[in-house]
Amino acid sequence: MAVVRIDTGLFQHPAIIAAGPKAARMWVWGVLWSARERTGGFIPHAAVSALDDEENGPALAHALMQAGLWREVEGGFQIHQDMTDPRAIQWRTHSERLSGKAWRDLREAVFTRDGYTCQYCGASGVPLHCDHIIPLNRGGSNDPTNLTTACESCNMRKHNKRADEWEQM
């Protein structure tokens, strides 16, 4: 099952306003369709009529392109995910959750990369955690660039905040 999180302020985004309410609805349905089908934001031409109807679909797709929300690519459209505010849309699938062995291997690689040192306070020789800089429940991923070594104390205090929201004590 795929999970898509859309920022609640999306309706105020200038591109959404420019597209109009019907095209905006089609954009949201396109995001949901793409997440379910795991196409990474690609909408084939044939799917456009399923998102609205055969009569309005092409006109709404054109409105989405004019507003900069979609761009035409070979065989269909690509949803623009960078809408100035990176929180506007975040993609995540439950398949990103790693098995125990895969997580242990990734965690060890992060610890090695970071020299077995907490990247928040500099502590070493203490129990370490592999911290999500942007937590999974806030749209983060298990990509190594989103992981860092944290001592148990820093990781517990940071909890589910993004690193840029958290101040060390």
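The values are calculated or read from the model by the stated rules, or taken from the named source; none is laboratory data. Remember, it's a predicted structure, so these values are computed and weren't measured experimentally. All Cβ positions, even for glycine, are placed from backbone atoms using ideal geometry, and neighbour counts span all protein chains on display.
See the values below:
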item	result
Matching option when the condition is surrounded by 17 or more Cβ atoms within 10 Å (Cβ to Cβ), over 30 Å from Trp166 (Cβ atoms) and modelled with pLDDT under 90, among Ala18, Ala35, Ala24	Ala24
Answer from Ser153, Ser124 - the residue that is out of contact with any Pro (no Cβ under 8 Å at 6 or more places or on another chain), hydroxyl-bearing (Ser, Thr, Tyr) and in contact (Cβ under 8 Å) with a residue 24 or more places away in the chain	Ser153
Residue within the stretch 73-80 that is of a type in the set (Phe, Trp, Tyr), assigned by TED's automatic domain parsing to the domain that holds Arg138, closer than 29 Å to Asn137 by Cα and at pLDDT 85 or above present	no
Condition met for Ala59 (surrounded by 14 or more Cβ atoms within 10 Å (Cβ to Cβ) and assigned by TED's automatic domain parsing to the domain that holds Ile6)	no
Those residues of the stretch 153-169 which are closer than 23 Å to Ala102 by Cα and not in a helix (DSSP H, G or I), in sequence order	His159, Asn160
Residue in the stretch 130-169 that is modelled with the lowest pLDDT, counting only those that are closer than 22 Å to Ala109 by Cα and of a type in the set (Asp, Glu)	Asp143
Residue match in the stretch 139-152 (condition: surrounded by 16 or more Cβ atoms within 10 Å (Cβ to Cβ), out of contact with any Asp or Glu (no Cβ under 7 Å at 6 or more places or on another chain) and either assigned by TED's automatic domain parsing to the domain that holds Ile6 or part of a helix (DSSP H, G or I) (or both))	yes
Qualifying residue in the stretch 125-134 (condition: within 30 Å of Ile6 (Cβ to Cβ) and among the aliphatic types (A, V, I, L, M))	yes
